[in-house]
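Reading through the structure tokens given below for one structure.
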Amino acid sequence: MSKKPDLQQMLRMEAEAKLAQTTPNDAAPGASETLLHELHVHQIELEMQNEELRRSHIVLEEAHARYVDLYEFSPVGYLTLSREGLIDAINLTGSALLGKERKKLLQRRFAGFVAPHDQDSWRQYFMRMMQARTTDICELTLLRGDGTVFNARLDCLLTVDDVAAPALRVTITDITERKRLDRLLQYQNAELELAKAAAEKSNLAKSDFLSRMSHDLRTPLNAILGFAQLLEAGVPPPTEVQALRLQHIIKAGWYLLDMINDILNISVIEAGKLTLSRESVLLADVMRECQAMMEPLAHKRGIPINFLPYDPSWCVYADLTRVKQVLLNLFSNAIKYNRKHGTVEVKCSAGADRIRISIKDNGAGLPPEKIAQLFQPFNRLGQEKSAAEGTGIGLVVAKQLVELMGGTIGVDSTVGVGSEFWIELLRDVVPKTTAASDMTAQFVLPTLASRSSDVAQRRVLYVEDNPDNLMLMEQIMEEGYPQVRLLSAADGNLGVALARAHLPDVILMDIDLPGISGIEALKILRQDMATMHIPVIAISANAMLHDIESGLVAGFLRYLTKPVKIAEFQDAMNVALKFSGREKELVK
């Protein structure tokens, strides 16, 4: 097997070939010719070697130039430190960073360019790196030659070979701008945290204020509307003039309550504190309730409501209470802003995944510029001076509630023809009949004629610190439940004591009480074997949604908000008395 020729042999072969091309080869060469031939070959070899060396030199110069460019003009500083920490070499970028000429930096101690407060950190880092075999990072504050400072990042690696002494290769990166941005970001984050805390504090203060405002307004409204309802339904009945005046009082009182509710609703939604209980809701049940609640108002204004037929099995996935709230607002608007002898048409239609409920009136209609303003708070679109009451908040609340339930709301309107408001909600399957609905059927409320036999020899305790509200309850009980004895307590502790002493059939409990709250009083009653079975109804001016939910979770049978509707109170009382009678039978 032949060996591959080396470089010298290749040069010899190429020289022989070139010489053969330039000299004839007619006769066998003698000794002198052979010597001359060898000299020519050697000369050609030297010329070829010189050419090869010249090309290699050019390549080396180009590589050196690239190296100089990369080394000297790199965006980071390069330097080499001896084991004593002296600068043995440094590039131009490093010289510029340290603010001195290169020749003045060589053999200078690098520690002299480290800020005083970082001297210890540099010393520990340098000693550690002179013993390590891996790269490591350190951030320091360095001094320039003119006394100014900059933030630097150092990347170091120890190099060790058999010839030269150990040296520390160092790169210096100016991170002053990055540090400035980091400090700016931290400052902005701190500012944001402060702003967030201030906003949360402001929202909490607003929520507390609205809650307190609601409570303080509902307490006197309870007396105003309660006594007005008693006078309206009293015996003997009021005169025609008195009845008219009472209607104005009651109408204004409920309107004021609607304003309070609207403001609280929008506040809770904007604060993100509204909780929804979404479930499968049978559309027929919702429409039946809305029809029962709105037909008296429609009849009073002479406006019939026409419900077009639809599939009674249709269901929506939504919050039952909030769906009714939205629909009642749309029904109310369709009646209030309708024309004389107008009509309201209700239509339900279903798509693959949504159900649309449309409420159409034939009122004055709205131009496009007013439609664009419909869902703005407190904007009544020029109806401020009309006879129809309103706050301009209802549609805003309705829109937000529908969207929170994953639905949409809209309107189609033509001036002189009327308006059609519609909502679309997610469609759902038919809900199964639950035990709760069966239990509801067992608690059919007794009629007024049958009350006396059910409530004979009963005792009811009312824990209330407001004298007007106590007087109102006394008159409600006197007229509706004449055979019930009403006991009263002005604070929570006295209420608990009277409950233990008299064991009433039902307890009516205010929440904001002197001493202990109604919630705390309820807990004490539930822990006592003698009183734990007594049904307790909350009657409170704390009407925020979380107040109601907390009350029901605490164990109140019902949670009624002030101002109390007498019919609603009577329904709750009848259920509580019936429940109390059954509990007593079980105890016996």
query = In a shell of Cβ-Cβ distance under 12 Å around Gly418, excluding Gly418 itself, what net charge do Lys and Arg (+1) and Asp and Glu (-1) give?
reply = -2
request  = Please turn the phi angles of the range 135-147 into ³J(HN,Hα) values with the Karplus equation 6.51 cos²θ - 1.76 cosθ + 1.60 (θ = phi - 60°), one per residue in order, whole Hz, x for glycine and proline.
outcome  = 6, 8, 10, 8, 10, 9, 9, 10, 9, 7, x, 8, x
ask   = Points 7 angstrom from Cα along the Cβ direction at Ile371 and Asp88: gap in nanometres?
value = 8.4
remark   = The local net charge around Leu225, scoring Lys/Arg +1 and Asp/Glu -1 for residues other than Leu225 whose Cβ lies under 15 Å from its Cβ, equals +1
query = Under the Karplus relation 6.51 cos²θ - 1.76 cosθ + 1.60, θ = phi - 60°, what is the ordered set of whole-Hz ³J(HN,Hα) values for the range 102-108, x standing for Gly and Pro?
reply = 4, 5, 7, 8, 4, 6, 8
ask   = Cβ under 11 Å from Phe113's Cβ, Phe113 left aside: what net charge do those residues give with Lys, Arg +1 and Asp, Glu -1?
value = +3
ask   = Which value, in Å², gives the accessible area per residue of the range 483-576 when a 1.4 Å probe is used on the protein heavy atoms?
value = 39
request  = Sticking with the crude label model, points 7 Å out along Cα→Cβ, report the distance from Ile249 to Asp155 in nm, one decimal please.
outcome  = 8.6
task = Would you please classify the overall shape of the range 72-143 from the alpha carbon gyration tensor, given that a ≥ b ≥ c denote the square roots of the eigenvalues, rounded means a/c under 1.5, and beyond that prolate means a/b larger than b/c while oblate covers the rest?
result = prolate
key: Where trypsin sites (Lys or Arg not before Pro) fall in DSSP loop in the range 298-359, at most 10 other Cβ within 10 Å   = Lys340
request  = Could you pull out the pairs from Lys251/Lys347; Lys300/Lys347; Lys370/Lys562; Lys103/Lys179; Lys340/Lys565 whose alpha carbons sit more than 24 Å apart here?
outcome  = Lys251/Lys347; Lys370/Lys562; Lys103/Lys179; Lys340/Lys565
Efficiency of FRET from Cβ geometry, Ala350 and Leu184, R₀ 45 Å, rounded to 0.05 = 0.20
Percent of alpha-carbon pairs separated by more than 16 Å within the range 150-257 = 78
task = Show the residues, 5+ positions off or on another chain, whose built amide H is closer than 5 Å to the amide H of Leu487.
result = Val460, Leu461, Tyr462
query = When the Karplus curve 6.51 cos²θ - 1.76 cosθ + 1.60 is applied with θ = phi - 60°, which whole-Hz ³J(HN,Hα) does each residue of the range 299-310 get, with x for Gly and Pro?
reply = 5, 4, 9, x, 10, x, 10, 9, 8, 6, x, 8
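The values are calculated or read from the model by the stated rules, or taken from the named source; none is laboratory data. Bear in mind that the values here come from a model prediction, so they are computed numbers and not experimental data. Ideal geometry is used to build each Cβ from the backbone, glycine not excepted, and the neighbour counts take in all protein chains shown. The protein model used for the area step is the full one, side chains on, heavy atoms only, and it has no ligands, DNA or RNA in it. Shrake-Rupley method; radii C 1.70, N 1.55, O 1.52, S 1.80 Å.
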